[in-house]
Structures are given as structure tokens and as C-alpha cells.
1. Return yes or no: is Val98 of a type in the set (A, V, I, L, M) and modelled with pLDDT under 95?
2. In region 1-15, which residue that is in a loop (DSSP other than H, G, I, E, B) and surrounded by 14 or more Cβ atoms within 10 Å (Cβ to Cβ) is modelled with the lowest pLDDT?
3. Give the residues of region 16-61 that are of a type in the set (Ser, Thr, Tyr) and within 13 Å of the chain's Cα centre (by Cα), sorted by residue number.
Amino acid sequence: MTAPSPRHGSATKIGVASLAEYAERIDVRSPAEFAIDHLPGAVNLPVLTDAERKHVGTLNAQESAFAARRMGAALVARNIAHIVDTYCASKPRDWAPVVY
């Protein structure tokens, strides 16, 4: 797994045991994917809901990959903004979770 270094912001390879140094693990996959498997102690902050993920996949199959990417990007951007405005708003300046 590659994750940002809490000190330098650059990507480094880490194993599951190395995750202990991170105060928080954030899984951004859909709730259904999170339910199947996730890292110990991870919190689920999905960038797409299950319904949104299904809608984007259907759009890809029925219309085009471009239309699906456009819709997916818009949904992800809105959902990340919501996560930042709510969940992340009270976090301290030095907060450095691992996000996957």
C-alpha cells in the first residue's frame, strides 16, 4: 500500500503493521465495499454512496465512459467537500490520517 508520509507528504510504501503510526485510517470506498473488508479501526467516509457508484457504472455501460467519468467526478467533488466541511472541520492542523 502507498500512503502519504505524515511528516513529508510524499508517498511511501507501508504495510498493515505500519498503520499503527497513523492516528486515523479513512476508507473512502463505498459502504458496500467497506462492509466486505477494511483495515482494522478504519472509518468509512465514502466519496460515492452505493447508489451513486451503481449510477456511474450504469452510465458507463449505457452511455459512455466519458459521461460516467464526468458524473463520477462531480459526485466525488461534492462528497469530498461535504466530508471536509463536516468530518474534517474540527481536526487539528497537524492531523495526518492515512486515506485509502
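The values are calculated or read from the model by the stated rules, or taken from the named source; none is laboratory data. Quick caveat: nothing in here was measured; it's all calculated off a predicted structure. Glycine also receives a Cβ, built like all others from the backbone with ideal geometry; neighbour counts cover every protein chain displayed.
1. Details: of a type in the set (A, V, I, L, M): yes; modelled with pLDDT under 95: yes.
Spelling it out, Val98 is indeed of a type in the set (A, V, I, L, M) and modelled with pLDDT under 95.
2. Taking region 1-15 as the starting set, the residues that turn out to be in a loop (DSSP other than H, G, I, E, B) are 1, 5-10, 14-15.
Filter once more, so that each one left must be surrounded by 14 or more Cβ atoms within 10 Å (Cβ to Cβ): 6, 14.
Values: Pro6: 52, Ile14: 67.
Per the criteria, the residue is Pro6.
3. Ser30, Thr49 - these are the residues of region 16-61 that are of a type in the set (Ser, Thr, Tyr) and within 13 Å of the chain's Cα centre (by Cα).
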